[in-house]
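Asker: Once you've had a glance at the structure underneath, I'll fire off some questions.
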Amino acid sequence: MVDVVIVGCGPVGALAANLLARAGLSAIVLEKERELHPLPRAVHLDHEMMRLFQSAGVIDAIAPDMRDTDGHLHVGADMGVIRYMGTVGSPRPYGWANDFFFYQPELEAHLRQGFAAMAEVDLRVGAEFTGLEQDAGGVTVRYMQDGADHAVTARWVIACDGSRSPVRKALGVELDDLGFEEPWLVVDAEVEGPVSFPPLTGVPTAADLQRLSVMMCDPRRPATVVPGRGNHRRWEFMLLPGEDDTAMMAPDKVAGLVGAWMKDVPHRIVRAATYRFHGLVAEQWQVGGVFLAGDAAHQTPPFFGQGMCHGLRDVANLAWKMAAVARQGASGELLATYQPERDPHVRAVIGAAVDAGRYICQLDPAKAAARDADLRAKAASGAAQTATDLVPAIGTGIVLAGSAGAGERFIQPVLADGRLLDDATGDGWRLFLRHPAQTGGETDISRIDAATLTDGGALLRWLDARGADAVLVRPDHYVFGTAVGDAAGLVAMRNEALGLARLEAAA
Ligand SMILES: Cc1cc2nc3c(=O)[nH]c(=O)nc-3n(C[C@H](O)[C@H](O)[C@H](O)COP(=O)(O)OP(=O)(O)OC[C@H]3O[C@@H](n4cnc5c(N)ncnc54)[C@H](O)[C@@H]3O)c2cc1C
């Protein structure tokens, strides 16, 4: 029996395969298409994804194809900035720039290449999921390949089969509709020069317009302008009431919409397609041994470029927990913390994207002017956020609730030799200690003396800010908890949370 069947090899399924294999679990990946999807949907990801690519061992292949950037700029009806979620010139506590643009087919190819030589992963293309059954012996997945029916039994299944998720439907899981649905036209182009913007006020610098993701909240036609990697540029245009999806995809319509942004600059339209931007979350993410992840579990309006990022976080969350159960003897109950940890996280970000979507999609000029005044007042009151601030701490599950910093994404300083923290410490469980004499640590937990790190004091400052002497970090880089003084109790509580304490008691 294989450890995991992954249904769907989009970005989320492909990252899952890499992470599971590196943790020593076997995986069969079923993908109905024979070729990689050739066109991009996602164009933006944040620093946390780069860290996960480090964990998956694929960062060296992926990083050269990424274009780093620093946030989002929202422009109002009067062509002045109304919201700037920028990190230009700010410290980079997580080791990477806050935001990156990329070309999705390239990213997916790198992710598949990452596990291509790994014996633990068996990718079966042209293999279409058709059904499943489960009992105490595991989950039997049926699929069709080369005109024949096949079946494979796994301990667990991760459904990464996209928004229409046949697995979700087979399980009868409903979607919770967060009340947002708007039609948008998405245009990708290769552009040999800078994009022309109308005269704008309040922009940090003119160069930033070519670097940031710019949301034109213009009630005449809300639109997003995104600088992709290399010469790839992305526009997203809201369809206005009465506009027909098919008619708006016609080449002359598309040329009319993007032409003003590329005056005298040679360009080639790569594709134009309409999408419905939704806010949807599955009501149940786990049914027995089957787990929904990525778009199968949730869909996010792409206003902060977080839809795929959620999915990558999902499988990072599942991968270490499955490895702990399968290889370390952790309790199977550990997997029941998947939805409680991930669902509020995803809903918080979808909520922010839906809220932004509502004001971005405002077509009434008077209401748009009021919105502009309101957002400017909020910005003036110091309520400015970066996209990083949208992602909340994990509030429940495998976190020591009540200890300072619990559930936060942990920092990743750059060390004096140029390496990032995880490259030096590994990325399993890590216990960072202020004093080398402190006790605490287990065979599976790396003990790191914070004072010996050549991180310019970043770790000690992190501990100081939380009044702590030790921090225990999970394999997915979220903080389990902190301790004042001795760290043995922190480790004991981790063991209790993972269900390892019962093994100790039995020994
Ligand atoms: C216009 C647009 C812009 C976006 N921008 C961003 C962005 O900037 N940043 C961001 O983070 N996200 C963005 N997103 C969201 C992002 O594209 C998705 O969240 C992401 O692609 C989902 O990945 P996935 O692996 O979950 O699903 P998918 O990429 O849909 O992959 C699902 C896979 O499952 C396979 N499959 C389906 N059915 C079966 C079956 N029966 N058997 C076997 N295999 C099957 C499919 O062939 C496919 O390969 C955007 C989305 C859109 C539409």
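Here, each number is a calculation from the coordinates, and none is a lab measurement. Keep in mind that what you see is a predicted model, and the values were worked out from it rather than measured. In this analysis, Cβ positions are derived from the backbone assuming ideal geometry, glycine residues included, and neighbour counts consider all displayed protein chains.
Asker: Give me the number: length gained by fully extending Glu174 to Leu460, i.e. 0.36 nm times residue separation minus the C-alpha to C-alpha distance, one decimal in nm.
Answerer: 98.4 nm
Asker: Give the calculated FRET efficiency between Thr396 and Ser90 to the nearest 0.05, with a Förster radius of 22 Å applied to their Cβ-Cβ distance.
Answerer: My answer for the efficiency is 0.15.
Asker: Taking the 0 to 90 degree range and rounding to the nearest ten, how far is the long axis of helix 365-380 tilted relative to the main principal axis of the chain, both from C-alpha atoms?
Answerer: 50
Asker: Report the calculated FRET efficiency for Thr246 and Glu35 (r = Cβ-Cβ distance, R0 = 30 Å), to the nearest 0.05.
Answerer: 0.75
Asker: Another question, if that's okay. So what's the net charge close to Thr140: Lys and Arg +1, Asp and Glu -1, counting the other residues with Cβ under 14 Å from its Cβ? Don't skip to the answer; put the middle values down first.
Answerer: Details: positive: Arg142, Arg155; negative: Glu133, Asp135, Asp149.
Net local charge, Thr140 excluded: -1.
Asker: Further, regarding this structure: What number do you get for the chain when its Cα radius of gyration is normalised by 2.2 N^0.38 Å, N = residues?
Answerer: It is 1.00.
Asker: Turning to a different aspect of this structure: What are the residues whose amide H is under 5 Å from the amide H of Val29, where those residues sit 5 or more places off or on another chain and H is modelled from the backbone?
Answerer: Long-range HN contacts for Val29: Ile6, Asp122, Leu123, Arg124.
Asker: For the chain, find the longest principal axis of its Cα atoms and tell me its angle to the long axis of helix 307-328, 0 to 90°, nearest 10.
Answerer: Here the helix axis deviates by roughly 10 degrees.
Asker: Let me ask something else about it. How much length would be gained if the chain were fully extended between Glu190 and Asp78, taking 0.36 nm per residue of separation minus their Cα-Cα distance, in nm to one decimal? Don't jump to the answer; show the numbers that get you there.
Answerer: Values: separation 112, 0.36 × 112 = 40.32 nm, distance 2.90 nm.
Working it through step by step, the gained length comes to 37.4 nm.
Asker: For a quick protection proxy, order the peptides 137-148, 209-220 by their average other-Cβ count within 10 Å, most packed first.
Answerer: 209-220, 137-148
Asker: Tell me, in nm to one decimal, what length is gained between Glu181 and Ile269 on full extension, where the rule is 0.36 nm per residue of separation less the Cα-Cα distance?
Answerer: Result for the pair: 29.1 nm of gain on full extension.
Asker: When only Cα pairs under 8 Å and 6 or more residues apart are kept, what is the percent relative contact order across the chain?
Answerer: 16
Asker: Follow-up question, since we're still on this one. Can you give the FRET efficiency for Asp65 and Asp486, using 1/(1 + (r/R0)^6), R0 = 56 Å, r = Cβ-Cβ distance, to the nearest 0.05? Walk me through the numbers on the way to the answer.
Answerer: On the way: r = 46 Å, r/R0 = 0.81.
It comes to 0.75.
Asker: Taking the simple approach of a point 7 Å from Cα along Cα-to-Cβ for both Ala373 and Ala255, what is their distance in nm?
Answerer: Each label point lies 7 Å from its Cα, and together they span 4.3 nm.
Asker: Counting alpha carbon pairs within less than 8 Å and at least 6 residues apart, what relative contact order, in whole percent, applies to region 421-506?
Answerer: 28
Asker: On a 0 to 90 degree scale, rounded to 10, what angle separates helix 488-498 from the longest Cα axis of the chain?
Answerer: The answer is roughly 70 degrees.
Asker: Something else: List every residue whose amide H lies under 5 Å from the amide H of Ala282, counting only residues 5 or more places away in sequence or on a different chain, with H placed 1.01 Å from N in the peptide plane.
Answerer: The answer is Asp176, His298.
Asker: Here's something else I'd like to know. Tell me which residues come under 5 Å, amide H to amide H, from Ala487 once H is placed; ignore anything under 5 positions away on its chain.
Answerer: Thr439
Asker: Determine ³J(HN,Hα), in whole Hz, for all residues of region 227-239 in sequence, where each value follows from phi through the Karplus function 6.51 cos²θ - 1.76 cosθ + 1.60 and θ = phi - 60°; x replaces Gly and Pro.
Answerer: Coupling constants for region 227-239: x, x, 7, x, 9, 7, 10, 10, 10, 10, 10, 5, 7 Hz.
Asker: Report, for the chain, the % of DSSP beta bridges that are antiparallel, rounded to 5.
Answerer: 70
Asker: Rounded to the nearest 5, what is the percent of antiparallel bridges among the DSSP beta bridges in region 421-506?
Answerer: Here the share of antiparallel DSSP bridges comes out near 60 percent.
Asker: What nm value, rounded to one decimal, do you get for the distance between Ser381 and Ala207 when each label is placed 7 Å out toward the C-beta?
Answerer: Taking the simple label geometry, Ser381 and Ala207 are separated by 3.5 nm.
Asker: Still on this structure: If the reach is capped at under 17 angstrom between alpha carbons, list the aspartates and glutamates near Lys32, excluding any in the same chain fewer than eight residues apart.
Answerer: Excluding near neighbours in sequence, the set is Glu108, Asp122, Glu128, Asp146, Asp149, Asp161, Asp295.
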